[in-house]
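K.L.:
Here it is, the structure in full.
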Amino acid sequence: MGFKDILVHVDASEAGQVRLLRGADLAARHGARLSALHVRERSIAQQRRLKASELGLMPGGQAGSLRATIESELDEQADMLHAMLADLGRQRGVEVEWQGADGRARVIVPQRARYADLSIVGHDPLEDIDLPEEYSFAETVLFTTGRPVLIMPPGGGSDVDSLPGECPLGRRVALAWNGSPACARTLSAALPLIECAQSTVVLVMDSDEPDHPEQLAPTVVLDHLRRHAVNVEMRTLARRGVPAGNELQGVALEEGADILIAGAHGRAMLWEKLLGGVTRTLLAEMKLPLVMCS
């Protein structure tokens with residue numbers, strides 16, 4: 001069936017531009033409209049310059065023109081991204097839409113993401129002076145939209161991508177599966193990715209717990225997916241004393257996957273403190289793009 005409406009959050013950082021490139025590739029493959037959402041807000045570096053001005057750490061004349069300079073920089077960044085979107089639309093032959101907004105990305109992006117089949121956002125647990133916050137808002141988008149989110153790791157690529165932006169996503173997909181409602185929701189939301197992929201590998205962690213009569217065998221999901229896509233295989237992962245999130249990502253990369261689909265485990269209202277262990281590891285130590293849905 002494919003995605004028909006893809007939203008990508010863009011900013012002036014290199015990772016923000018890579019997200020736009022990846023979004024254009026996905027939109028072309030799915031025949032979707034690509035909407036680029038740019039929220040006009042000051043980056044960390046710009047905020048620091050203003051703070052230095054307010055503390056009197058620069059001459060008065062410079063301080064007086066600083067705000068105008070920063071506003072001009074924001075205009076130039078928006079114009080650059082808008083032009084990049086238009087060029088990608090022509091090159092990829094996809095319908096594009098520019099969405100400009102004033103405010104805070106952590107508020108505006110989740111609102112817009114509720115009206116897209118798939119939203120693409122960045123995630124970096126470390127500080128980036130080109131981003132407007134001291135932390136990523138990917139978890140906020142994930143747990144407040146109810147729609148599938150493609151979360152890009154720092155740099156916008158994965159360990160297997162030497163040239164970020166030049167390796168289209170979604171050709172080889174890995175699905176982390178444990179039969180939980182969170183996994184089922186994410187599978188349903190991300191099914192268009194699997195249907196368009198060249199191959200899919202289902203990753204199942206070997207469990208030390210005794211079998212439960214009510215729990216179906218993992219092969220059931222394999223049969224279900226083969227109704228939707230070709231070249232679907234399963235791999236059982238042995239527990240080796242490393243965090244499950246790291247094991248899942250490592251095996252996904254071994255299989256050549258460029259996206260890992262995984263359910264987001266946690267309580268939406270208290271996600272900041274109660275993220276599931278696997279979800280926390282996946283987000284804290286990202287090695288490849290993740291598609292998640294809460």
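K.L.:
Right, Glu233: among the charged types (D, E, K, R), closer than 22 Å to Leu193 by Cα and under 21 Å from the mean Cα position of the chain (by Cα) or not?
P.N.:
So Glu233 does not fit the description; no.
K.L.:
Okay, next question. The conditions are (1) among the aromatic types (Phe, Trp, Tyr); (2) at pLDDT 55 or above; (3) open to solvent by 20 Å² or more (accessible area, probe 1.4 Å), and Tyr135 fails exactly one of them. Which is it?
P.N.:
Only one criterion in (1) among the aromatic types (Phe, Trp, Tyr); (2) at pLDDT 55 or above; (3) open to solvent by 20 Å² or more (accessible area, probe 1.4 Å) is unmet by Tyr135, namely (2).
K.L.:
So is His224 at pLDDT 95 or above and out of contact with any Ser or Thr (no Cβ under 7 Å at 6 or more places or on another chain) or not? Steps first, please.
P.N.:
Numbers: at pLDDT 95 or above: yes; out of contact with any Ser or Thr (no Cβ under 7 Å at 6 or more places or on another chain): yes.
Judged against the criteria, His224 is a match.
K.L.:
Of a type in the set (A, V, I, L, M, F, W, C), open to solvent by 10 Å² or more (accessible area, probe 1.4 Å), over 19 Å from Val251 (Cα atoms) and at pLDDT 90 or above: does that describe Leu191?
P.N.:
Taking the combined requirement at face value, the residue satisfies it.
K.L.:
A further question follows. Could you list, in sequence order, the residues of the range 101-123 that are surrounded by fewer than 16 Cβ atoms within 10 Å (Cβ to Cβ) and in a helix (DSSP H, G or I)?
P.N.:
Val107, Gln111
Per-residue answers, yes or no, for (1) within 21 Å of Arg29 (Cβ to Cβ); (2) without any contact (Cβ under 8 Å) to a residue 12 or more places away in the chain; (3) open to solvent by 60 Å² or more (accessible area, probe 1.4 Å):
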| residue | (1), (2), (3) |
| --- | --- |
| Ile70 | no, no, no |
| Ala83 | no, yes, no |
| Leu88 | yes, no, no |
| Val94 | yes, no, no |
| Gln99 | no, no, no |
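K.L.:
Another question about this same structure. Determine whether the range 43-55 contains at least one residue that is outside any helix (DSSP H, G or I), surrounded by 16 or more Cβ atoms within 10 Å (Cβ to Cβ) and modelled with pLDDT under 90.
P.N.:
Step one: of the range 43-55, the residues outside any helix (DSSP H, G or I) are 43, 55.
Add one more test, that the residue is surrounded by 16 or more Cβ atoms within 10 Å (Cβ to Cβ), and what stays is 43.
If we keep only those that are modelled with pLDDT under 90 too, we end up with 43.
Yes, the range 43-55 contains at least one residue that is outside any helix (DSSP H, G or I), surrounded by 16 or more Cβ atoms within 10 Å (Cβ to Cβ) and modelled with pLDDT under 90.
The values are calculated or read from the model by the stated rules, or taken from the named source; none is laboratory data. This structure is a prediction, so every number in the text was calculated from the model and none was measured. Note that each Cβ is placed from the backbone with ideal geometry, even for glycine, and that neighbours are counted across all protein chains shown. SASA here: full protein model, heavy atoms, side chains in, ligands and nucleic acids out. Shrake-Rupley method; radii C 1.70, N 1.55, O 1.52, S 1.80 Å.
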